[in-house]
1. Out of the residues in the range 1-31 that are of a type in the set (Asp, Glu) and assigned to a helix (DSSP H, G or I), state the one that is surrounded by the fewest Cβ atoms within 10 Å (Cβ to Cβ).
2. Return the pairs, sorted by first residue and then second, in which the second residue is surrounded by 16 or more Cβ atoms within 10 Å (Cβ to Cβ), the first residue lies in the range 55-67 and is among the aromatic types (Phe, Trp, Tyr), the beta carbons are less than 9 Å apart, and the residues are 6+ apart or on different chains.
3. Any residue in the range 32-53 that's assigned to a helix (DSSP H, G or I): show its pairings with residues that are surrounded by fewer than 16 Cβ atoms within 10 Å (Cβ to Cβ) at Cβ separation under 7 Å, as long as the two are six or more apart or on different chains.
4. Mind checking which residues of the range 1-20 are of a type in the set (A, V, I, L, M) and free of Cβ contacts under 8 Å to residues at least 12 places away in the same chain?
5. Return the total of residues in the range 28-49 being under 12 Å from Ile12 (Cα atoms) and among the aliphatic types (A, V, I, L, M).
6. Scan the range 64-96 for residues that are at pLDDT 90 or above and surrounded by 11 or more Cβ atoms within 10 Å (Cβ to Cβ) and jot them down.
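The values are calculated or read from the model by the stated rules, or taken from the named source; none is laboratory data. Just so we're clear, the structure is a prediction, and the values are computed from it rather than from any experiment. Glycine gets a Cβ as well: all are built from the backbone with ideal geometry, and neighbour counts include every protein chain shown.
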Amino acid sequence: MALDYTVIGQRIKQARLAKNLTQEDLAEKIDISVAFLSRVERGNSHINLKRLNQLCGLLDVTEGYVLNGAASNSKNYLNKEFTDLIKSCSAEKQKLIYNVAKAIAETDIESE
């Protein structure tokens, strides 16, 4: 699955605005230039994992949300990924995946 940096930038911008932060505020907090943050938000530059982690911590969003739009606690977490995976498999593999997933879903797993 290829990353769409324009969409990633839009999610970063939305999270920043939800926190009532300016680009200047956020850039200063993670020690990057305002120009670079602006390019990231437009999808013209890529942010490294260290900065992404810092940014997500400040904006109270997960890296998963920024990268693929799903929060790990979301009910729809990984729906698209599972759908894409299933579509790429033969009917026999789909049945096997379904049976394994069903067995796991029906098992009462407790944390140790």
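1. In this case the residue turns out to be Glu24.
2. Every condition considered, the pairs that remain are Tyr65/Arg11; Tyr65/Ala15; Tyr65/Cys56.
3. Val34/Glu24; Phe36/Ser45; Arg39/Ser45; Leu52/Glu63; Asn53/Glu63
4. Step one: filter the range 1-20 for residues of a type in the set (A, V, I, L, M), giving 1-3, 7-8, 12, 15, 17-18.
Matches in the range 1-20: Ala2, Leu17.
5. Final tally of qualifying residues: 3.
6. Those that are at pLDDT 90 or above and surrounded by 11 or more Cβ atoms within 10 Å (Cβ to Cβ): Val66, Cys89, Lys93, Gln94, Lys95, Leu96.
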